[in-house]
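The block underneath contains the structure these notes are about, expressed in structure tokens.
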Amino acid sequence: LADRLGSRRVALGSSALGALAVMSLPLCRSRASFWASMAVWDVAESAYTAAVSALAAEVTPASWRGSANSLLNQVQDVTFGTMPLALGLLAARVGQGAALLSAAALMLGSSLAFWRFSRGDAMEPGSEMVRESSGERRHIRATADGGSGGV
């Protein structure tokens, strides 16, 4: 799917669909509607995970792909471990509906941030970008092997 529609587009669409499925859970009044919402959420998350992995491979220089994939998996693992606990605590305090709506809002917010801040292309050899941090300006130039070095 990502190779036909583009991994960035699939990641955004599936993330939004997953958020809508989570948002619909408090509205479910039957087992069938609950299972339908859960199925949509599961399919959306599956498409999202595959698309984000493909996107990471597309925008990461070849020599960094292993590190990028490892970091992506670590972030996903931390999220899968901490969010159920945090949302469970929130549900205990304010109710399940509010916790699910908060989860959907976080999902939509991260989708919008992803849309706004994700780059479209990997750095090509010889290209340069500037990063500013703590008042320090650093030029990064992509090398022919796909790595980078400070300039």
Task: Residue in the range 78-91 that is among the hydrophobic types (A, V, I, L, M, F, W, C) and touching a Gly at 6+ places or on another chain (Cβ under 9 Å) present - done: yes
Open item on the list: I need every pair where a residue in the range 5-21 that is of a type in the set (Val, Ile, Thr) has its Cβ under 8 Å from the Cβ of a residue that is outside any helix (DSSP H, G or I), sequence separation at least 6 or different chains.
Closed with: 10/1
TODO: Residue by residue through the range 47-77, note down the ones that are open to solvent by 90 Å² or more (accessible area, probe 1.4 Å), free of Cβ contacts under 8 Å to residues at least 40 places away in the same chain and of a type in the set (A, V, I, L, M, F, W, C).
DONE: 71
Task: All positions within the range 85-111 that are modelled with pLDDT under 90 and exposed (fewer than 13 other Cβ atoms within 10 Å of the Cβ) - done: 109
TODO: Could you list all residues from the range 1-32 that are farther than 16 Å from residue 104 by Cα and either in contact with a Leu (Cβ under 8 Å, 6 or more places away or on another chain) or basic (Lys, Arg) (or both)?
DONE: 2, 4, 7, 8, 9, 10, 29, 31
Open item on the list: Is it the case, given these coordinates, that residue 44 is in contact (Cβ under 8 Å) with a residue 12 or more places away in the chain, of a type in the set (Gly, Ala, Ser) and closer than 30 Å to residue 96 by Cα?
Closed with: yes
- [ ] Determine if the range 47-54 includes at least one residue that is among the aromatic types (Phe, Trp, Tyr) and touching a Ser or Thr at 6+ places or on another chain (Cβ under 8 Å).
- [x] yes
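Just to be sure before I move on: is residue 122 of a type in the set (A, V, I, L, M, F, W, C), part of a helix (DSSP H, G or I) and either at pLDDT 60 or above or touching a helix residue (DSSP H, G or I) at 6+ places or on another chain (Cβ under 9 Å) (or both) in the structure I sent? Spell out how you get there, then give the answer.
Details: of a type in the set (A, V, I, L, M, F, W, C): yes; part of a helix (DSSP H, G or I): no; either at pLDDT 60 or above or touching a helix residue (DSSP H, G or I) at 6+ places or on another chain (Cβ under 9 Å) (or both): yes.
No.
The values are calculated or read from the model by the stated rules, or taken from the named source; none is laboratory data. Note that the structure is predicted; figures quoted are calculated from it, not measured. Here Cβ is always computed from backbone atoms with ideal geometry, including for glycine, and neighbour counts include all displayed protein chains. Protein only, heavy atoms only, side chains kept; ligands, DNA and RNA dropped before computing areas. Shrake-Rupley method; radii C 1.70, N 1.55, O 1.52, S 1.80 Å.
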